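Data block below; observations after.
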Amino acid sequence: MTRSIALNQVKLKWHRPLNTVRATDVSNYVIRRNTTPDFNSSAIVGSVTKGEFTDSNTSNSVVTYFYWVVGYNSAGAGVPSSMLTVTLPVAI
């Protein structure tokens, strides 16, 4: 997973899991975010069908966010991605 940062905005990009054969093997991705590195108490901030998401609902003050992406298909949720840490705001 990669990220690009703008003022009060985080754009995440990722590739589908390596154990999938076709893009249709994953029906959607859920993006989770927290202000602590704890996946279990993280909140869902979005759901998309492609490998990118822009989080525009961020704080105006200095804050560190922790992000995870979870792929879903007809069998349910996959394993969460590795955690990505982002600190905002960024001086432009």
Exercise for review: Considering only the stretch 1-29, state which residues are closer than 17 Å to Val86 by Cβ, of a type in the set (A, V, I, L, M, F, W, C) and modelled with pLDDT under 75.
Suggested key: Met1, Ile5, Ala6, Leu7
Check your understanding: So which residues in the stretch 82-92 are outside any loop (DSSP other than H, G, I, E, B) and surrounded by fewer than 12 Cβ atoms within 10 Å (Cβ to Cβ), if there are any at all?
Key -> Thr85, Thr87
Review point. For the stretch 58-79, how many residues meet the condition of being within 29 Å of Asp25 (Cα to Cα) and not aromatic (Phe, Trp, Tyr)?
Key: 10
Exercise for review: Could you tell me whether any residue of the stretch 43-55 is of a type in the set (D, E, K, R), within 25 Å of Asn8 (Cβ to Cβ), surrounded by fewer than 18 Cβ atoms within 10 Å (Cβ to Cβ) and within 14 Å of the chain's Cα centre (by Cα)?
Suggested key: yes
Review point. When the residues of the stretch 59-81 are filtered to those that are part of a loop (DSSP other than H, G, I, E, B) and more than 10 Å from the chain's Cα centre (by Cα), which remaining residue is surrounded by the most Cβ atoms within 10 Å (Cβ to Cβ)?
Key: Gly78
Review point. Do you know which of the residues in the stretch 42-58 that are in a strand (DSSP E or B) and in contact (Cβ under 8 Å) with a residue 40 or more places away in the chain is farthest from Thr87 (Cα to Cα)?
Key: Glu52
Practice item. Answer with yes or no whether Thr35 is surrounded by 11 or more Cβ atoms within 10 Å (Cβ to Cβ), modelled with pLDDT of 95 or more and polar (S, T, N, Q). Key: yes
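The values are calculated or read from the model by the stated rules, or taken from the named source; none is laboratory data. This is a predicted model, so every value here is computed, not measured. We place every Cβ from the backbone using ideal geometry, glycine too, and count neighbours over all the protein chains shown.
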